[in-house]
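Take a look at the structure set out below.
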Amino acid sequence: MLATDRSFARLVDYGGGTVSPEIFSSPELYEQELEQIFARCWLFVGHESQIPNPGDFIRSRMGEEQVIVTRDRQHQIHVLLNSCPHRGNMVCRYDQGNALGFQCSFHGWVFNSAGELVTLPQSGDGYDHMRKEEWGLMRAKVEVFQGSIWATWDHSAPSFLEYLGGCDAYLKTSFVDADGSDNGAEILGSPMKWRIGMNWKVPMPDYDIPHAWTTHRSLAVGLGVGPSGAPIERGPDGGYVGRLGRRNTMQVSFPEGHTTAVEVPSDHANGAWPDSGEYDDWPIIRQYLRDKYEARKMRLGVLASQEEGPHVFPNLGFFGRVIRVLHPEGPASTEMWSYFLVDKAAPQAVKDAMARYYEHWYGPGGMTQKDDMENWYVLTRWTKGHMTRKLRLNAQLGLGKPPLDGPSTFGLPGLWAPSYSDENTRRFYQRWAEVMQARAWDDLRVKDTVR
Ligand code: FES
Ligand SMILES: [Fe+2]
């Protein structure tokens with residue numbers, strides 16, 4: 001269903017830097033998002049470390065749908081719709097476990113971990129005409145990227161690498177070991193999950209630096225409640241000042257709708273991580289990262305100092321090595337899932353310290369998320385009124401300054417804008433409007449990706 005009566009040029013004006021609040025409240029647009037975005041885009045569903053053995057499974061989400069992510073006897077990974085093709089009952093009710101089959105609790109149909117229908121209780125008794133191979137669980141197209149598992153319902157979608165455009169370099173950096181070696185990360189425990197009454201797009205993308213001085217004022221006024229126990233300071237030009245001086249971070253975006261924040265490559269930046277001050281009160285983490293840093297620089301070059309993973313369109317974000325996925329549950333409700341990434345090979349004491357650090361900073365009661373969630377909820381609740389919907393919301397910071405070309409200016413991919421800019425926000429909504437209107441992937445292929 002396409003909302004053909006709506007002009008997307010009115011809903012999102014990239015050149016003018018405004019969006020309509022209707023995109024946060026309209027039930028028709030929400031239905032269209034489920035079809036145009038969540039049934040077609042590549043979505044993060046989990047990590048290989050959650051299902052290391054044959055028979056292992058986790059329950060995950062794709063849009064409003066539940067999926068089962070499994071590893072079969074041949075070690076192949078599958079992403080299966082958690083809906084029985086008999087009468088639509090849920091086939092798997094556990095969040096995780098090990099089982100080579102799933103028996104539906106309604107009439108007992110049994111599916112193996114590849115999603116094939118293997119047993120029918122009444123098989124010789126009236127089902128002789130039925131071809132079992134036509135009645136398996138619906139399967140998504142799956143790709144694994146540095147251990148992370150991605151799926152799409154659209155079998156005509158481009159490869160995941162093409163979908164990422166030039167963003168793959170930054171995403172890869174998030175899943176390597178602290179020393180830069182491939183596939184070094186694992187998920188610690190199960191994701192934290194909580195529900196909030198907001199539209200799923202509100203926190204995307206989250207490199208809105210100016211909000212920090214107001215929303216997170218308790219961190220900025222010297223209360224000493226940040227993870228390092230120190231206040232965040234504001235520099236003379238408004239930039240963030242870390243313990244090593246001003247951090248020169250810029251916003252980076254891609255025509256494919258992905259966004260990130262990148263430290264400008266420089267000798268200074270190359271020495272900043274792990275000694276940015278972030279871990280001053282977490283000496284065990286700081287020492288672990290210090291010990292790995294020379295090897296990391298050898299393997300990753302200028303990307304070694306990147307701390308922040310990218311936001312991948314449509315609904316995945318990173319805070320450092322915390323993955324946050326926004327699952328829609330209606331125009332005004334979202335389930336937030338946070339996964340904590342750690343190095344597989346790290347000593348247990350370091351993993352434990354990382355878990356405490358992540359909870360302290362990014363969990364639902366963490367120092368930043370609870371400030372943010374208050375605004376996200378109120379914004380969603382009060383932008384659906386008849387008059388409020390007529391407003392234009394402003395994303396004009398830095399408008400009129402074309403972003404710099406990353407490859408020729410910095411030797412790194414993407415379109416680069418100052419950290420004080422709404423460029424990433426404008427880019428996200430520009431892509432949102434494109435995907436909402438496109439009838440097929442051929443209309444969406446980005447010709448001038450910035451690698
Ligand atoms: S609904 Fe699943 S076996 Fe009938
Ligand atoms: Fe925030």
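Observations, loosely collected:
- Flag for residue 331 being within 20 Å of residue 424 (Cβ to Cβ) and either within 16 Å of ligand 1 (Cβ to nearest atom) or touching a helix residue (DSSP H, G or I) at 6+ places or on another chain (Cβ under 8 Å) (or both): no
- Some residue of region 361-374 being part of a loop (DSSP other than H, G, I, E, B) and touching a Gly at 6+ places or on another chain (Cβ under 7 Å): yes
- Output for region 76-99, where each listed residue is within 14 Å of ligand 1 (Cβ to nearest atom), assigned to a loop (DSSP other than H, G, I, E, B), within 25 Å of residue 130 (Cβ to Cβ) and not β-branched (Val, Ile, Thr): 82, 83, 84, 85, 86, 87, 88, 89, 90, 92
- Within region 352-379, considering residues that are surrounded by fewer than 16 Cβ atoms within 10 Å (Cβ to Cβ) and within 11 Å of ligand 2 (Cβ to nearest atom), the one nearest to residue 189 (Cα to Cα): 370
- Scanning region 54-75 for residues that are part of a loop (DSSP other than H, G, I, E, B) and either under 25 Å from the mean Cα position of the chain (by Cα) or among the hydroxyl-bearing types (Ser, Thr, Tyr) (or both) yields a total of 2.
- The lone exception for residue 448 - which of (1) among the charged types (D, E, K, R); (2) assigned by TED's automatic domain parsing to the domain that holds residue 253; (3) surrounded by fewer than 21 Cβ atoms within 10 Å (Cβ to Cβ) it fails: (2)
- Conditions (1) more than 21 Å from residue 250 (Cα to Cα); (2) touching a His at 6+ places or on another chain (Cβ under 9 Å): number failed by residue 165: (1)
- Scanning region 113-132 for residues that are at pLDDT 95 or above and either away from ligand 1 (no atom under 15 Å from the Cβ) or exposed (fewer than 13 other Cβ atoms within 10 Å of the Cβ) (or both) turns up 113, 114.
- Residue list for region 146-190, restricted to those being out of contact with any helix residue (DSSP H, G or I) (no Cβ under 9 Å at 6 or more places or on another chain) and either modelled with pLDDT under 95 or assigned to a helix (DSSP H, G or I) (or both): 162, 163, 165, 167, 174, 175
- Contacts under 7 angstrom Cβ, first residue in region 272-299 being outside the structural domain of residue 348 (by TED's automatic domain parsing) and closer than 21 Å to residue 349 by Cβ, partner surrounded by 19 or more Cβ atoms within 10 Å (Cβ to Cβ) and of a type outside the set (Val, Ile, Thr), 6 or more apart: none
- Residue list for region 8-67, filter: aliphatic (A, V, I, L, M), surrounded by fewer than 21 Cβ atoms within 10 Å (Cβ to Cβ) and closer than 14 Å to residue 315 by Cα: 34, 39
- Matching option when the condition is buried (at least 18 other Cβ atoms within 10 Å of the Cβ) and within 16 Å of ligand 1 (Cβ to nearest atom), among 175, 102: 102
- Summed over region 191-210, the residues that are within 11 Å of ligand 2 (Cβ to nearest atom) and surrounded by fewer than 22 Cβ atoms within 10 Å (Cβ to Cβ) give a count of 4.
- Test for residue 349: is it surrounded by 15 or more Cβ atoms within 10 Å (Cβ to Cβ), of a type in the set (A, V, I, L, M) and part of a helix (DSSP H, G or I): no
- Residue count for region 257-294, restricted to those that are under 16 Å from residue 321 (Cβ atoms), in a loop (DSSP other than H, G, I, E, B), hydrophobic (A, V, I, L, M, F, W, C) and modelled with pLDDT of 75 or more: 1
The values are calculated or read from the model by the stated rules, or taken from the named source; none is laboratory data. Computed from a predicted structure; not experimentally measured. Positions of Cβ are generated from backbone atoms using ideal geometry, with glycine treated the same way; all protein chains shown enter the neighbour counts.
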